[in-house]
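The values are calculated or read from the model by the stated rules, or taken from the named source; none is laboratory data. Quick caveat, the model's predicted, so the values are computed rather than measured. Ideal geometry is used to build each Cβ from the backbone, glycine not excepted, and the neighbour counts take in all protein chains shown. Calculation scope for accessible area: heavy atoms of the full protein, side chains included, ligands and nucleic acids excluded. Shrake-Rupley method; radii C 1.70, N 1.55, O 1.52, S 1.80 Å.
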Amino acid sequence: MSEEKEEASFGVLPIYDEPEKMGDVPESPDASSQLEHHARSQLGKVCSPPEQPLGSLRQHGPAYQEMTCVSPQQWAPQALDGSELPATWLSKAESEDAASAGGRWSLPVGQPCPSPGPAEEVLSFLRAIPPVPDDVVVRQRAPHKSWKVGRLRHGKKVYAVAVSGSTHHVYTCGHGYIRVWDESALHAWDQAPRAQLNFQDRDSCVFTCKLFPDERSLITGGLSQSLTLWDLAPTPRIRAQLASTGPVCYSLALSSNAQICVACFKGFVEIWDLQNQILIRKHEVPIYGSQCVDITGNKLWTGGEDTKLYSWDLRSYQRLQQQDLRHEILSITHDPSEEWLLVGLRMSDIVIVHTNRKEKFKAVLQKYVYHHNLKFASCGSYFVATMNETIRCIAAPSLHRLFQVEESAHILCCDVSSDNQYVVTGSKNSATVYQLLY
């Protein structure tokens, strides 16, 4: 596949503080009414003018229309409210193109189509479908605030942190050692760690870590000649050390099945088979585009100081895309469905990129930051963004700010537990634990 270069042209989406408007959305809709409404709406799209006023979609612009196409499995449909997502285009040329292509962005006008509605037999069938019981409806939740419940005294800068949702153990990583904290320490302010894992080389320093999906293993990288694979249960111990070819690993990414790990070094990435503990490939990437890395499906994403977001095919190793985001890239993460990518920039903006379609948006904050970390919750209904001393919890996809917390020192890293109960941040000599309240 040939490489594609794209200019930075995307919809601008503001982050809102006011509560989301949820009043018109039923909590437990009847399945038959949903299907009947779907059948009628699909027919209405083809045969009749839209029920929405003509100026409504034009008011919001193309970015809002694109956001309404997001898959309901990932983005909660009730979070999208027309009054909360006004959008503008950065590219004037694209605005003119959109205006001229009236069929794409503007609403059709004219007389209703004379075609008949759905047959009564179809509607009777849809009405016969029994409703879904309330107790089996899975609702996506988002926290409304957080409660600072504890502090973990690591003793040195915490460059990387991981928190387990199954055991509520926290792993704080930094210079010389990793400290392990059990659940009781999460609700304390000066409790000793459960264990301390010392490196053989006291000069080693962990800059990045990833917890495996089963939360029984951890992989770390940093200022060291190897990546370290840890078994966490029943007692933390080193399983293997993978000899790397670079002096400093800046970022790690795991595939969804934890069989592939990508380690990011200056000017190249290492692709590892973790099951067999062998190096598959050392792949060159732009020297100033190798600060961050992530994996979605069969795609590898890298970015860094050169302001460009690169995507690579993990099978052919060819470069697929190159997108100039105009500011240095400090972090990359994906949502649970691996459909959307969040990219944190030096100017604190968050770029939202679809991993398969040519769709991208930007949440604009316009504040220069030294540290920008992003972490999506496993439920997919919100993500956490830390920028210098500020923690923001933001709903997806509405970009409604759920809560904001200020810390006294720069936040170097963060993680969200897989059960969506805790957020842990690392700073100059400790980690802070927040319990999420729903």
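Counting only residues that are in contact with a Lys or Arg (Cβ under 9 Å, 6 or more places away or on another chain), in a loop (DSSP other than H, G, I, E, B) and farther than 24 Å from Val262 by Cβ, region 170-214 holds 9 of them. Can you say whether Gln323 is of a type outside the set (Val, Ile, Thr), in contact (Cβ under 8 Å) with a residue 12 or more places away in the chain and within 28 Å of Val170 (Cα to Cα), as far as the supplied structure shows? It is false that Gln323 is of a type outside the set (Val, Ile, Thr), in contact (Cβ under 8 Å) with a residue 12 or more places away in the chain and within 28 Å of Val170 (Cα to Cα). Counting only residues that are open to solvent by 10 Å² or more (accessible area, probe 1.4 Å) and not in a loop (DSSP other than H, G, I, E, B), region 319-335 holds 10 of them. Summed over region 304-318, the residues that are open to solvent by 20 Å² or more (accessible area, probe 1.4 Å) and closer than 26 Å to His372 by Cα give a count of 4. Here Tyr370 meets the list (1) of a type outside the set (Lys, Arg); (2) buried (at least 20 other Cβ atoms within 10 Å of the Cβ); (3) touching a residue at least 40 places away in the same chain (Cβ under 8 Å) almost entirely, failing just condition (2). Determine whether Gln275 is free of Cβ contacts under 8 Å to residues at least 24 places away in the same chain and in a strand (DSSP E or B). Considered against the rule, which asks whether it is free of Cβ contacts under 8 Å to residues at least 24 places away in the same chain and in a strand (DSSP E or B), Gln275 comes out as no.
Being touching a residue at least 60 places away in the same chain (Cβ under 8 Å), small (Gly, Ala, Ser) and surrounded by fewer than 19 Cβ atoms within 10 Å (Cβ to Cβ) holds for only one residue in Ser184, Ser166, Ser204, and it is Ser166. Evaluation of Glu338 against the conditions (1) more than 10 Å from the chain's Cα centre (by Cα); (2) surrounded by fewer than 19 Cβ atoms within 10 Å (Cβ to Cβ); (3) on the phi > 0 side of the Ramachandran plot shows that the sole unmet condition is (1). Quick check on region 380-388. Is at least one of its residues touching a residue at least 60 places away in the same chain (Cβ under 8 Å), open to solvent by less than 30 Å² (accessible area, probe 1.4 Å), hydroxyl-bearing (Ser, Thr, Tyr) and part of a strand (DSSP E or B)? Within region 380-388, one or more residues are touching a residue at least 60 places away in the same chain (Cβ under 8 Å), open to solvent by less than 30 Å² (accessible area, probe 1.4 Å), hydroxyl-bearing (Ser, Thr, Tyr) and part of a strand (DSSP E or B).
Only one of the numbered conditions (1) part of a strand (DSSP E or B); (2) farther than 23 Å from Glu270 by Cβ; (3) touching a Lys or Arg at 6+ places or on another chain (Cβ under 7 Å) is not met by Trp312, and that is (2). Of the residues that sit in region 285-300 and are in a loop (DSSP other than H, G, I, E, B) and among the aliphatic types (A, V, I, L, M), which one is least open to solvent (accessible area, probe 1.4 Å)? The extreme case among them is Val285. When we screen Ala253, Ala240, Ala263 for residues that are assigned to a strand (DSSP E or B), among the hydrophobic types (A, V, I, L, M, F, W, C) and under 15 Å from Val206 (Cβ atoms), the only hit is Ala263.
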